[in-house]
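Student: Here it is, the structure, as C-alpha coordinates.
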Amino acid sequence: MTYTVEQALKWIMKSNEKIQNNKDYLSELDQAIGDGDHGINMARGFDEVVKKIDGNDYAQVSDVLKDVAMTLMSKVGGASGPLFGTAFLKMSMAVKGEEAVTYDTFVTALEDAVAGIKQRGKAEEGEKTMIDVWSPVAERMKDADDFAASVIRDNAKSSMEATKDIVATKGRAAYLKERSKGHLDPGSVSSYYIFEALAESLREEA
Ligand code: ADP
Ligand code: MG
(Lines give C-alpha, C1' and ligand atoms only; values in the text may rest on other atoms or scores of the structure.)
(Ligands and ions follow the chains in the order given, each with its own letter.)
Protein backbone atom coordinates (compact mmCIF):
# COMPACT_ATOMS: atom_id res chain seq x y z
CA MET A 1 0.00 0.00 0.00
CA THR A 2 1.18 3.55 -0.69
CA TYR A 3 0.29 6.83 0.94
CA THR A 4 -1.24 9.37 -1.42
CA VAL A 5 -1.70 13.15 -1.53
CA GLU A 6 -5.41 12.62 -0.95
CA GLN A 7 -4.71 10.64 2.21
CA ALA A 8 -2.18 13.20 3.45
CA LEU A 9 -4.80 15.94 3.04
CA LYS A 10 -7.33 13.81 4.95
CA TRP A 11 -4.74 13.22 7.65
CA ILE A 12 -4.27 16.93 8.21
CA MET A 13 -7.98 17.81 8.02
CA LYS A 14 -8.80 15.09 10.56
CA SER A 15 -5.94 16.18 12.84
CA ASN A 16 -7.38 19.68 12.74
CA GLU A 17 -10.89 18.46 13.63
CA LYS A 18 -9.65 16.51 16.64
CA ILE A 19 -7.52 19.38 17.88
CA GLN A 20 -10.34 21.92 17.51
CA ASN A 21 -12.77 19.54 19.28
CA ASN A 22 -10.33 19.02 22.15
CA LYS A 23 -8.89 22.53 22.37
CA ASP A 24 -10.18 23.14 25.93
CA TYR A 25 -9.12 19.68 27.11
CA LEU A 26 -5.57 20.20 25.80
CA SER A 27 -5.32 23.53 27.58
CA GLU A 28 -6.68 21.99 30.81
CA LEU A 29 -3.95 19.35 30.64
CA ASP A 30 -1.38 22.10 30.16
CA GLN A 31 -2.88 24.04 33.09
CA ALA A 32 -2.02 21.15 35.38
CA ILE A 33 1.68 20.93 34.50
CA GLY A 34 2.45 23.89 32.22
CA ASP A 35 1.08 27.33 31.40
CA GLY A 36 -2.34 26.34 30.05
CA ASP A 37 -1.93 27.38 26.43
CA HIS A 38 -1.38 24.10 24.57
CA GLY A 39 -4.94 23.83 23.21
CA ILE A 40 -4.91 27.46 22.11
CA ASN A 41 -1.50 27.05 20.46
CA MET A 42 -2.45 23.90 18.57
CA ALA A 43 -5.93 25.08 17.57
CA ARG A 44 -4.57 28.34 16.18
CA GLY A 45 -1.77 26.57 14.34
CA PHE A 46 -4.00 23.94 12.74
CA ASP A 47 -6.58 26.54 11.83
CA GLU A 48 -3.85 28.32 9.85
CA VAL A 49 -2.66 25.01 8.39
CA VAL A 50 -6.12 24.20 7.03
CA LYS A 51 -6.42 27.68 5.54
CA LYS A 52 -3.04 27.21 3.89
CA ILE A 53 -3.66 23.79 2.32
CA ASP A 54 -7.38 24.09 1.55
CA GLY A 55 -8.11 24.16 -2.17
CA ASN A 56 -4.48 23.72 -3.23
CA ASP A 57 -3.61 21.23 -5.92
CA TYR A 58 -0.67 19.22 -4.59
CA ALA A 59 1.46 16.98 -6.82
CA GLN A 60 3.31 15.27 -3.96
CA VAL A 61 2.75 14.27 -0.32
CA SER A 62 6.00 16.12 0.39
CA ASP A 63 4.47 19.45 -0.66
CA VAL A 64 1.49 18.99 1.68
CA LEU A 65 3.73 18.19 4.64
CA LYS A 66 6.02 21.11 3.87
CA ASP A 67 3.12 23.59 3.97
CA VAL A 68 1.99 22.04 7.27
CA ALA A 69 5.51 22.36 8.69
CA MET A 70 6.08 25.95 7.66
CA THR A 71 2.70 27.05 8.97
CA LEU A 72 3.12 25.33 12.34
CA MET A 73 6.59 26.80 12.75
CA SER A 74 5.47 30.34 12.04
CA LYS A 75 1.98 30.39 13.58
CA VAL A 76 2.15 28.32 16.76
CA GLY A 77 3.34 30.09 19.86
CA GLY A 78 5.04 27.99 22.51
CA ALA A 79 7.56 25.21 22.40
CA SER A 80 5.26 22.87 20.53
CA GLY A 81 5.10 24.89 17.27
CA PRO A 82 8.76 24.54 16.24
CA LEU A 83 8.75 20.93 17.47
CA PHE A 84 5.71 19.79 15.46
CA GLY A 85 6.95 21.99 12.62
CA THR A 86 10.30 20.19 12.63
CA ALA A 87 8.55 16.80 12.67
CA PHE A 88 6.49 17.63 9.57
CA LEU A 89 9.47 19.25 7.83
CA LYS A 90 11.63 16.15 8.35
CA MET A 91 8.82 13.95 7.03
CA SER A 92 8.38 16.23 4.03
CA MET A 93 12.07 15.97 3.19
CA ALA A 94 12.11 12.18 3.55
CA VAL A 95 9.16 11.59 1.18
CA LYS A 96 10.28 14.12 -1.43
CA GLY A 97 10.10 12.87 -5.00
CA GLU A 98 7.58 10.12 -4.34
CA GLU A 99 4.15 10.92 -5.70
CA ALA A 100 2.64 8.08 -3.67
CA VAL A 101 4.78 7.22 -0.68
CA THR A 102 5.75 3.60 -0.01
CA TYR A 103 5.48 2.10 3.48
CA ASP A 104 9.24 1.91 3.94
CA THR A 105 9.69 5.56 3.00
CA PHE A 106 6.88 6.56 5.34
CA VAL A 107 8.55 4.72 8.22
CA THR A 108 11.89 6.39 7.43
CA ALA A 109 10.08 9.73 7.39
CA LEU A 110 8.67 9.10 10.85
CA GLU A 111 12.08 8.07 12.16
CA ASP A 112 13.53 11.30 10.75
CA ALA A 113 10.72 13.22 12.45
CA VAL A 114 11.58 11.63 15.80
CA ALA A 115 15.26 12.48 15.32
CA GLY A 116 14.29 16.04 14.42
CA ILE A 117 12.12 16.53 17.51
CA LYS A 118 14.86 15.10 19.72
CA GLN A 119 17.48 17.39 18.23
CA ARG A 120 15.32 20.49 18.34
CA GLY A 121 14.04 19.83 21.88
CA LYS A 122 17.32 18.41 23.18
CA ALA A 123 15.25 15.59 24.61
CA GLU A 124 15.06 11.80 24.60
CA GLU A 125 12.42 9.17 25.30
CA GLY A 126 11.18 9.02 28.88
CA GLU A 127 11.22 12.76 29.60
CA LYS A 128 7.43 13.19 29.40
CA THR A 129 7.26 14.95 26.03
CA MET A 130 5.66 14.30 22.65
CA ILE A 131 8.70 12.11 21.89
CA ASP A 132 7.08 9.48 24.12
CA VAL A 133 4.36 9.07 21.49
CA TRP A 134 6.26 9.74 18.26
CA SER A 135 9.14 7.40 19.04
CA PRO A 136 7.21 4.23 19.98
CA VAL A 137 4.82 4.68 17.04
CA ALA A 138 7.77 4.96 14.63
CA GLU A 139 9.40 1.88 16.20
CA ARG A 140 6.18 -0.13 16.08
CA MET A 141 5.66 0.79 12.42
CA LYS A 142 9.22 -0.23 11.61
CA ASP A 143 8.41 -3.72 12.92
CA ALA A 144 5.48 -4.02 10.50
CA ASP A 145 5.42 -4.50 6.73
CA ASP A 146 2.50 -2.33 5.78
CA PHE A 147 0.17 0.40 7.01
CA ALA A 148 -2.17 -0.88 9.72
CA ALA A 149 -4.57 1.69 11.12
CA SER A 150 -5.41 -0.05 14.38
CA VAL A 151 -1.75 -0.78 15.17
CA ILE A 152 -0.87 2.92 14.81
CA ARG A 153 -3.86 4.12 16.78
CA ASP A 154 -3.51 1.59 19.63
CA ASN A 155 0.21 2.20 20.02
CA ALA A 156 -0.22 5.98 20.03
CA LYS A 157 -3.02 5.66 22.61
CA SER A 158 -1.18 3.42 25.06
CA SER A 159 2.01 5.49 24.66
CA MET A 160 0.07 8.68 25.35
CA GLU A 161 -1.55 7.11 28.43
CA ALA A 162 1.85 5.97 29.70
CA THR A 163 3.10 9.57 29.91
CA LYS A 164 0.96 9.92 33.05
CA ASP A 165 3.46 7.92 35.11
CA ILE A 166 6.57 9.76 33.89
CA VAL A 167 8.34 12.49 35.87
CA ALA A 168 9.02 15.38 33.47
CA THR A 169 12.62 16.36 32.86
CA LYS A 170 12.05 18.60 29.79
CA GLY A 171 9.66 21.44 29.02
CA ARG A 172 7.71 23.54 31.54
CA ALA A 173 6.46 20.45 33.38
CA ALA A 174 10.04 19.73 34.47
CA TYR A 175 9.79 22.62 36.96
CA LEU A 176 7.25 20.54 38.90
CA LYS A 177 9.63 17.60 39.26
CA GLU A 178 7.83 14.70 41.07
CA ARG A 179 4.56 16.63 41.03
CA SER A 180 4.42 16.30 37.23
CA LYS A 181 3.63 12.63 37.81
CA GLY A 182 -0.04 11.65 37.61
CA HIS A 183 -0.79 13.99 34.71
CA LEU A 184 -0.83 13.28 30.99
CA ASP A 185 1.66 15.22 28.88
CA PRO A 186 -0.36 17.69 26.74
CA GLY A 187 1.92 17.43 23.69
CA SER A 188 1.63 13.65 23.81
CA VAL A 189 -2.16 13.91 23.80
CA SER A 190 -2.14 16.20 20.75
CA SER A 191 0.35 13.81 19.12
CA TYR A 192 -2.08 10.99 19.81
CA TYR A 193 -4.81 12.91 17.94
CA ILE A 194 -2.41 13.34 15.02
CA PHE A 195 -1.71 9.58 14.89
CA GLU A 196 -5.38 8.71 15.39
CA ALA A 197 -6.06 10.97 12.38
CA LEU A 198 -3.28 9.22 10.43
CA ALA A 199 -4.94 5.87 11.19
CA GLU A 200 -8.30 7.19 10.00
CA SER A 201 -6.77 8.52 6.78
CA LEU A 202 -5.56 4.97 6.11
CA ARG A 203 -8.94 3.38 6.75
CA GLU A 204 -10.56 5.68 4.25
CA GLU A 205 -8.19 4.70 1.49
CA ALA A 206 -9.82 5.25 -1.88
P1 ADP B 1 4.90 25.75 25.97
O2 ADP B 1 5.48 24.66 26.82
O3 ADP B 1 5.93 26.67 25.42
O4 ADP B 1 3.77 26.45 26.65
P5 ADP B 1 2.96 24.14 24.56
O6 ADP B 1 2.15 24.23 25.80
O7 ADP B 1 2.25 24.45 23.29
O8 ADP B 1 4.27 25.02 24.67
O9 ADP B 1 3.53 22.66 24.39
C10 ADP B 1 3.94 21.87 25.48
C11 ADP B 1 4.33 20.49 24.98
O12 ADP B 1 5.50 20.56 24.19
C13 ADP B 1 4.66 19.53 26.09
O14 ADP B 1 3.50 18.88 26.58
C15 ADP B 1 5.64 18.56 25.45
O16 ADP B 1 4.97 17.45 24.84
C17 ADP B 1 6.27 19.39 24.35
N18 ADP B 1 7.64 19.78 24.71
C19 ADP B 1 8.02 20.78 25.53
N20 ADP B 1 9.36 20.85 25.61
C21 ADP B 1 9.85 19.87 24.82
C22 ADP B 1 11.17 19.42 24.45
N23 ADP B 1 12.27 20.02 24.92
N24 ADP B 1 11.28 18.38 23.61
C25 ADP B 1 10.18 17.79 23.11
N26 ADP B 1 8.92 18.17 23.40
C27 ADP B 1 8.75 19.18 24.24
MG1 MG C 1 2.05 25.56 27.32
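Student: For Asn21 paired with Ala174, estimate the spin-label separation in nm (one decimal), with each label point 7 Å from Cα along the Cα-to-Cβ line.
Tutor: 3.4 nm
Student: Can I ask one more? Measuring with a 1.4 Å probe in the full set of protein chains, what accessible area per residue, in whole Å², belongs to the chain?
Tutor: Details: 9190 Å² over 206 residues.
So the chain comes to 45 Å² accessible per residue, rounded to a whole number.
Student: Hey, another quick one. Any idea how far apart Asn56 and Ala149 come out in nm if each label point goes 7 Å out from Cα toward Cβ?
Tutor: Roughly 2.6 nm, to one decimal.
Student: Placing unit charges on C-beta atoms (Lys and Arg positive, Asp and Glu negative, everything else neutral), compute the dipole magnitude of the range 3-123 about its Cα centre in debye, rounded to 20.
Tutor: 280 debye
Student: Follow-up question, since we're still on this one. Using a probe of 1.4 angstrom, how much of the accessible area of the chain is carbon and sulfur, in percent?
Tutor: 46 percent
Student: Ranked highest first by the average count of other Cβ atoms within 10 Å around their residues, in what order do 175-185, 49-59 fall?
Tutor: Peptide ranking by packing, descending: 175-185, 49-59.
Student: If you don't mind, there's one more thing I want to ask. By how many nm would the segment from Glu98 to Val167 lengthen if fully extended, with 0.36 nm per residue of separation less the alpha-carbon distance?
Tutor: Contour length minus Cα-Cα distance gives 20.8 nm.
Student: Using only helices, what value at 222 nm comes out for the chain when you add -39,500 (n - 2.57) per DSSP H run of length 4 or more and divide by the total residues, to the nearest 500 deg cm²/dmol?
Tutor: Estimated from H runs of four or more residues: -22000 deg cm²/dmol.
Student: Contour minus end-to-end for Ala115 and Ser74, with contour as 0.36 nm per residue of separation and end-to-end as the Cα-Cα distance?
Tutor: Value of the extension gain: 12.7 nm.
Student: Here's another thing I want to ask about it. If I stretch the segment between Gln31 and Glu124 completely, what's the gain in nm (0.36 nm per residue apart, minus their alpha carbon distance), one decimal?
Tutor: Contour length minus Cα-Cα distance gives 31.1 nm.
Student: Longer than 26 Å from Cα to Cα, which of Lys52/Lys181; Lys75/Lys96; Lys23/Lys51; Lys142/Lys177; Lys66/Lys164 are they? Say none if no pair is.
Tutor: Those over the limit are Lys52/Lys181; Lys142/Lys177; Lys66/Lys164.
The values are calculated or read from the model by the stated rules, or taken from the named source; none is laboratory data. The model shown is predicted, which means the values in this text are computed figures rather than measured ones. Ideal geometry is used to build each Cβ from the backbone, glycine not excepted, and the neighbour counts take in all protein chains shown. For accessibility, only protein heavy atoms count, side chains too; no ligands or nucleic acids. Shrake-Rupley method; radii C 1.70, N 1.55, O 1.52, S 1.80 Å.
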